[in-house]
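Here's the structure we're looking at; comments come further down.
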Amino acid sequence: MLATYDLHDSIVESVEYLLDEKKVLIKLELCQWKQANYDESEPEMQEGVLTFTNVNSFQIEPSSFLINSNEILNVNVDNEARNIEIILTGTDDIGKVSIIAQDIFWEGC
């Protein structure tokens, strides 16, 4: 599912880990214009939430990394291991969000 979207240059507004529900919610501004199905009559950016369900592992590195309107530099997906790594810009550093989950859903706002 994640391979369907080009997340490069999209902006992550927040990341929320719901441990009891085994969910991770990533609120972001998706670069619509980078998507394969983009129609020029649509806005270039779209706010929405990527929801990861049945999360087995969640980690932000370094642990001091603050999520606040961070640009996505790269996304690495290992479909077999169901592992997703999202590399983000920071104020003074680079951060990595790693998630192992069963399913991913996108919902635009």
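A few remarks follow.
- Restricting segment 86-109 to residues that are free of Cβ contacts under 8 Å to residues at least 60 places away in the same chain and within 18 Å of Lys23 (Cβ to Cβ) leaves a set whose member that is surrounded by the fewest Cβ atoms within 10 Å (Cβ to Cβ) is Glu107.
- Taking (1) out of contact with any Phe, Trp or Tyr (no Cβ under 7 Å at 6 or more places or on another chain); (2) under 23 Å from Gly108 (Cβ atoms) in turn, Thr51 satisfies each apart from (1).
- A search for C-beta distances below 9 Å between a residue of segment 31-44 that is closer than 18 Å to Leu73 by Cα and among the aromatic types (Phe, Trp, Tyr) and any residue that is modelled with pLDDT of 85 or more and open to solvent by 100 Å² or more (accessible area, probe 1.4 Å), counting only pairs 6+ apart in sequence or on different chains, returns Trp33/Glu40; Trp33/Glu44.
- Test set (1) open to solvent by 50 Å² or more (accessible area, probe 1.4 Å); (2) at pLDDT below 90 - Gln35 fails condition number: (1)
- Within segment 1-23, the set of residues being at pLDDT 90 or above and in a helix (DSSP H, G or I) comprises Leu19, Asp20, Glu21.
- Filtering segment 39-53 to residues that are of a type outside the set (Ser, Thr, Tyr), open to solvent by 80 Å² or more (accessible area, probe 1.4 Å) and either modelled with pLDDT under 95 or at positive phi (or both) leaves Glu40, Pro43, Glu44.
Residue-wise test of (1) within 17 Å of Gly108 (Cα to Cα); (2) buried (at least 17 other Cβ atoms within 10 Å of the Cβ).
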position: Thr4; (1), (2): yes, no
position: Val55; (1), (2): no, yes
position: Ser64; (1), (2): no, no
position: Asn70; (1), (2): no, yes
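The values are calculated or read from the model by the stated rules, or taken from the named source; none is laboratory data. Since the structure is predicted, the reported quantities are computational estimates derived from the model, not experimental observations. In this analysis, Cβ positions are derived from the backbone assuming ideal geometry, glycine residues included, and neighbour counts consider all displayed protein chains. SASA here: full protein model, heavy atoms, side chains in, ligands and nucleic acids out. Shrake-Rupley method; radii C 1.70, N 1.55, O 1.52, S 1.80 Å.
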